[in-house]
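K.L.:
The structure's right below; bear with me while I get my questions together.
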Amino acid sequence: MEVFLQTLIAGVLLGGLYALIGIGMALIMGVMRIINLAHGDLMMVGMYVAFWMFTLFDIDPYLSVLLAGTVLFFLGMALQKFLINPVLRVDSILPHNQVLVTVGIGMVLTSLATVCFTSDYRSTPVNYGTNAWYLSDYWHSAPIELSLSVPWTISFIFSVLITLALWFFLSRTDLGKSIRATSQDLDAALLMGVNVQRMRMVTFGLGAALVGAAGCLFIPIYYLFPSLGGQFTTIAFVITILGGLGSIIGAIFGGLLLGIIESMTAIYIGMGWAPVGRFLIFVAALLFLPGGIASLLQRARIGK
């Protein structure tokens, strides 16, 4: 039981970070109807921002969240305006040619990082990196011994706070409501005077900012190298499919579920089987739940 509960806790903490990555892709998917296959590479850029702030100025990676988010927001807007929008306006014999542009963007970002920073593995050796909080420190008669990794817990808390801030922005501000309107019904948003092109730029910027912030939350835990992005693009894609294309709530549940499944697979089967568990849940979602978790939530609301 102790191993199961510890694994469950680790899965929830991992899933919270996965959810933040998935939300960024789901947001872009909901408004633009494309899968951003440079998503993980944008996260890699955010990680490099945090790394160099730590290396050059001794700034804690968690304090770099705002800076990395801002840098990635403007980078995302620039990519949308100067690369993706022109492709959207051009007729092509290839369907979804804008998706191919994001593949190219990811390749360029990876190559630039390799040229500028080499392929060396890098990390931010924070002094609390190996620390943990133990249940017995606060409850001496605890029946089982459970622990919480300090960096994982702090990253999870930041992830929750960022998600709440996004919810407030989308539900309480005029700009956020315009983004939601564009996502729900493009033609109706146009008729209501919403500047759809501007909303697409802001949305891509927000998605990039979210994954850039996630990079700052991951770097105290993961090693950094230029080709890291592909792994997290795959994770974000699986979460988007599992949660339901374009559904932010679905991405939250999808990220948590994926984190728990990966942790359980790693502990009870083997570390090398975690990607296999990810693949199996992806295939299962396509076969048995094509609408994702969002479709289940919608059925539950209708049932009430």
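K.L.:
Let me have the relative contact order for the range 13-227, percent, based on Cα pairs under 8 Å that are six or more residues apart.
P.N.:
On the way: 294 pairs, mean separation 96.1, N = 215.
For the range 13-227, the relative contact order is 45 percent.
K.L.:
I'd like the projected area of the range 13-227, averaged over all directions, using the convex hull of its alpha carbons. Report it in nm² with one decimal. Numbers along the way, then the final one.
P.N.:
Numbers: hull surface 58.2 nm².
Reported value for the Cα convex hull: 14.6 nm².
K.L.:
Would you work out which of Asn195, Val99, Leu257 lies farthest towards the positive end of the dipole of the chain? Charges go on Cβ: Lys and Arg +1, Asp and Glu -1.
P.N.:
Ranked along the dipole, the leading option is Asn195.
K.L.:
Could you give the size of the charge dipole of the range 13-227 about its Cα centre, using +1 on the Cβ of each K and R and -1 on the Cβ of each D and E, expressed in debye and rounded to the nearest 20? Provide the component values of the computation, followed by the final result.
P.N.:
Values: 9 positive and 10 negative charges, 131 e Å.
About 640 debye.
K.L.:
Where in the chain are the DSSP H helices whose C-alpha atoms run 24 Å or more along the long axis and whose mean Kyte hydropathy is at least 1.6? Don't jump to the answer; show the numbers that get you there.
P.N.:
On the way: long enough: 2-32 (45 Å, 1.93); 39-57 (27 Å, 1.23); 97-117 (30 Å, 1.68); 150-172 (33 Å, 1.67); 196-218 (33 Å, 1.23); 248-268 (30 Å, 1.85).
Those that clear 24 Å and a mean of 1.6 are 2-32, 97-117, 150-172, 248-268.
K.L.:
Which of Gly176, Val45, Gly212 sits farthest toward the positive end of the charge dipole of the range 13-227, with +1 on the Cβ of Lys and Arg and -1 on the Cβ of Asp and Glu?
P.N.:
It is Gly176.
K.L.:
Using the Kirkwood radius over Cα pairs, work out the Stokes-Einstein diffusion coefficient for the range 149-304 at 37 °C and 0.692 mPa s, in µm²/s as a whole number. Present the calculation step by step, with values, prior to reporting the outcome.
P.N.:
Values: Rh = 17.4 Å.
Rounded, D is 188 µm²/s.
K.L.:
A further question follows. Along the charge dipole of the range 116-260, pointing to its positive end and built from +1/-1 on Cβ of Lys, Arg, Asp and Glu, which listed residue (Val126, Pro143, Gly244) has its Cα farthest out?
P.N.:
Towards the positive end, the residue furthest out is Gly244.
Each value in this text was obtained by applying a stated rule to the coordinates, not by laboratory testing. Just so it is clear, the structure is predicted and the values come from calculations on it, not from any experiment. Reconstructed Cβ throughout: ideal geometry from the backbone, glycine too, with neighbour counts over all protein chains shown.
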